[in-house]
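The values are calculated or read from the model by the stated rules, or taken from the named source; none is laboratory data. What you see is a predicted model, and the numbers here were worked out from it, not measured in a lab. Ideal geometry is used to build each Cβ from the backbone, glycine not excepted, and the neighbour counts take in all protein chains shown.
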Amino acid sequence: MRPDAKSLAPGFIPVRLPVGAGNLPRLWSGRAWAFLGAAALVLFIVVPICNLLVPASSIFHLSDYTVSLVGKIMCYAIVALAMDLIWGYTGILSLGHGLFFALGGYAMGMYLMRSIGRDGVYKSDLPDFMVFLDWKAYPWYWSFTEHFWYAALLVVLVPGILAFVFGFFAFRSRIKGVYFSIITQALTYAFMLLFFRNDTGFGGNNGFTDFKRILGFPIAAPGTRVALFAITGAALLAFLFVGRAIVQSKLGRVLTAIRDAETRVMFSGYNPLYFKLFIWTLSAVICGIAGALYVPQVGIINPSEMSPANSIEIAIWTAVGGRGTLIGPVLGAAVVNLGKSWFTQVLPEYWLFVLGLVFILVTLFLPRGIAGLWTRSRT
């Protein structure tokens, strides 16, 4: 039964919502759905055909380098999407998502290193870096990593547990704003220094590389590369659907309310801790999965992936694409990384200046990013 104004507490001023405000907003238009369908067609049919079946002499042929490059960018797009859930919809700016990305990559890298077998330089059951350091056996935390299912479990659990523990104490202490950003950046930097050490058992500054196979398939084979490409594309589309389901649900409306007025949410009877902790942990898990997909396609993982600069770049992708749009950060990751790929070949010493200039221009003239520019052109 709906209470009237007389039955409410004295001094309470009822708020009247506009007509239709109770309905969930329509996030994507019919054209957006058509775009996603076309993207799926390209990912799962056009690219494999152009790479595997079209002759190399044809202009329609896609090289292995192009397939790997686009696959890598799609991994970055998944990370940008994860950042959008936590920053664009919840208002929590993280400068440590590169850590979760790298941890997922290291978990998958451990399995890939075990899959090398005796094909390494030293023909040993141990990875070459352990033989070089005169290690006699695997550390205890390498146990069971020769099994793909266990590595996949680590990809989810390691970033998820770390994010859950860190987020619980941070959010319970009501750390927010720039203080939270600085703490996440410090956490990332601390883990980077830890993984740079040779005695941690993660390859030191060289990390993991020289992978041979995955699930028994040669990792450098064109068919394997295309399969990894398609799996990455499927993961990106799946996370887009998951993100859409979240932001259009009641959970998403609470997260948006936390972003806009957390104090009012608390006075309304909600505890922001659990909502923020859920989306924070989910965002970290998504980053870990992206890292696991990234490593076999790029062929290397090292502590530089944990550098604070990489986490800042993730925030830039999201800002350039447009926060709070889901599709915008995906476009931002694609545009920025394609530009980076070109600039680092032509003018590598100027790339960071260009990236900083792009971020400043977007902040000043395109506060809603590329997605906002598209929306403005439609109105």
Hey, which of the helices (runs of 4 or more DSSP H) in the range 34-115, taking only ones fully inside, have at least 2 residues that are of a type in the set (Gly, Ala, Ser), within 30 Å of Gly201 (Cα to Cα) and out of contact with any strand residue (DSSP E or B) (no Cβ under 7 Å at 6 or more places or on another chain)? 64-83, 97-114
Quick check, is Gly288 in contact (Cβ under 8 Å) with a residue 24 or more places away in the chain, within 30 Å of Ala220 (Cα to Cα) and in contact with a helix residue (DSSP H, G or I) (Cβ under 6 Å, 6 or more places away or on another chain)? yes
So how many residues does the range 182-236 have that are within 25 Å of Pro303 (Cβ to Cβ), not in a helix (DSSP H, G or I) and not aromatic (Phe, Trp, Tyr)? 11
Does the range 326-343 hold any residues that are in contact (Cβ under 8 Å) with a residue 40 or more places away in the chain and over 15 Å from the mean Cα position of the chain (by Cα), and which are they? Leu338, Ser341
Going by what's in this entry, would Thr325 be described as polar (S, T, N, Q), modelled with pLDDT of 85 or more and touching a Pro at 6+ places or on another chain (Cβ under 6 Å)? no
Residues within the range 161-188 that are under 18 Å from the mean Cα position of the chain (by Cα) and in contact (Cβ under 8 Å) with a residue 40 or more places away in the chain, tallied: 9
If I ask for residues that are assigned to a helix (DSSP H, G or I), exposed (fewer than 12 other Cβ atoms within 10 Å of the Cβ) and over 23 Å from the mean Cα position of the chain (by Cα), which ones from the range 133-160 would you list? Trp140
Mind listing just one residue for me: the one in the range 317-336 that is surrounded by fewer than 21 Cβ atoms within 10 Å (Cβ to Cβ) and not small (Gly, Ala, Ser) and, of those, farthest from Ile360 (Cα to Cα)? Leu331
Just checking, how many residues over the range 344-370 are part of a helix (DSSP H, G or I) and touching a residue at least 12 places away in the same chain (Cβ under 8 Å)? 8
